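What follows is one structure encoded as structure tokens, with my remarks underneath.
Every number here is computed from the coordinates shown, using simple stated rules; none is lab data. Computed from a prediction, not measured in an experiment: that's the story for all the values here. Quick reminder, even Gly has a Cβ in these numbers, built from the backbone with ideal geometry, and neighbours come from all protein chains shown.
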Amino acid sequence: MGKVIDQAFSKGDILEDLRLYPFNKLPAEDPVVIVHSSLKSIGYVIGGAETVVRALLEWVGGGGTLVFPAYSYSASDPEQWRYPPVAPHLVEKVRKNIPPFDPILSPIDTGAIPSAASRFPGALRSSHPNGSIIALGKNAKRIVSAQRLENSLLPDGPLGQVYELDGWVLSIGTDLSSNSSMHLAERWARKGEGLAHLGEFWKSRVPVDTPRGREWVLLEKEGGCSTGFIRIEPILRRRGVISYGRIGQSYCQFMPQRGLVDETIKILDEDPLALLCSDPDCPQCAPTWRKYGSGRQSDW
């Protein structure tokens, strides 16, 4: 006999949790929420991911907007893949045969909840090859239509629109390492110039199909390694940015996106290396430590 389901969560159960602290800090009028999620972390949900999306929609109300990362990690240069890497003799074959992006058909590699959200009436998905987002609700069109190939992390991009709308971030069973808004702080630091090392050792290449054929476009200052983002969580917690609660069995984080970005920029102003990971094999962080860190680890 397999594992017995000894606890089950309905839409009502999830909604009840969402009406408790800290999720009850959500503004009553036209709220915007970016959702990062792990369905498995909640436990057994009756109806699965669809039930979670229905609860979230009811939570934000008729004037609210939900935003979900809908990234397609395979729509990137296979030469840069690490999990798993591609054998050198296969790189060109994989590169040539990656399917073109299609907002309906292209995979959503950020979990079951965004995938379910994409099937809801009115759901919109942007057309970025590997960094698309899905939005549902009042401001969905504004947020999705803002995305262009090279502005994902700029103030006029989709996450920048959430910032302008005083949006919130809900992380269901995930942490800062999957919080896309952290990349805004990297890109907006130094008065909008971005961190000095951003894009120096790692640049994203994405496939774009044109009338001339497939082109691989280099994105200069996109977000890369996010493993080290969790290092500043204690600081953000002390500064009152992150609050914690539970949805089902899931340990969740809830925070205003503007506060998250602004406080992270302050941290980066004091220590530009604060978000780097400590993996000696990381193609982005390791060479940055060697060049800018003089062998030290960040003081944070």
When the chain is treated as a GNM, springs tying every alpha-carbon pair under 10 Å, which of Val94, Val53, Val32 comes out with the largest mean-square fluctuation? Val94
Give the calculated FRET efficiency between Asp102 and Arg54 to the nearest 0.05, with a Förster radius of 22 Å applied to their Cβ-Cβ distance. 0.25
Contact order relative to length of the chain, as percent, for alpha carbon pairs under 8 angstrom and 6 or more apart: 19 percent
What is the distance in Å between the Cα centroid of region 58-95 and that of region 117-174? 15 Å
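For every other residue with a beta carbon closer than 15 angstrom to the beta carbon of Leu15, add +1 if it is Lys or Arg and -1 if Asp or Glu, then tell me the sum.
Numbers: positive: Lys11, Arg19, Arg54, Arg246; negative: Asp13, Glu16, Asp17, Glu50, Glu58.
Taking every other residue near Leu15 into account, the sum is -1.
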When the label point is put 7 Å from the Cα of Tyr292 along its Cα-to-beta-carbon vector, which residues of region 178-209 have a backbone N closer than 11 Å? 186-187, 189-190, 194-201
Ellipticity estimate at 222 nm from DSSP helix runs (n ≥ 4, -39,500 (n - 2.57)) divided over the chain, nearest 500: -7500 deg cm²/dmol
Please give, to one decimal in nm, the separation of the simple spin-label points placed at Glu215 and Ala8, each 7 Å out from Cα toward the Cβ. 5.4 nm
For the chain, whose charge dipole is built from +1 on Lys and Arg Cβ atoms and -1 on Asp and Glu Cβ atoms, the candidate among Ile46, Ser127, Leu184 with its Cα farthest towards the positive end is Ser127
Flagged as over-length at 32 Å C-alpha distance, from Lys25/Lys203; Lys11/Lys191; Lys141/Lys203; Lys203/Lys266, the pairs are Lys25/Lys203; Lys11/Lys191
Taking every pair of distinct Cα atoms and averaging 1/r, then inverting, what Kirkwood hydrodynamic radius in Å comes out for region 193-284? 15.8 Å
Check: C-alpha center region 1-44 vs C-alpha center region 256-282, spacing in Å is 28 Å
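Express the Stokes-Einstein translational diffusion coefficient of the chain in µm² s⁻¹, to the nearest whole number, given a Kirkwood radius over alpha-carbon pairs, 25 °C and a viscosity of 0.890 mPa s.
This corresponds to a translational diffusion coefficient of 122 µm²/s.
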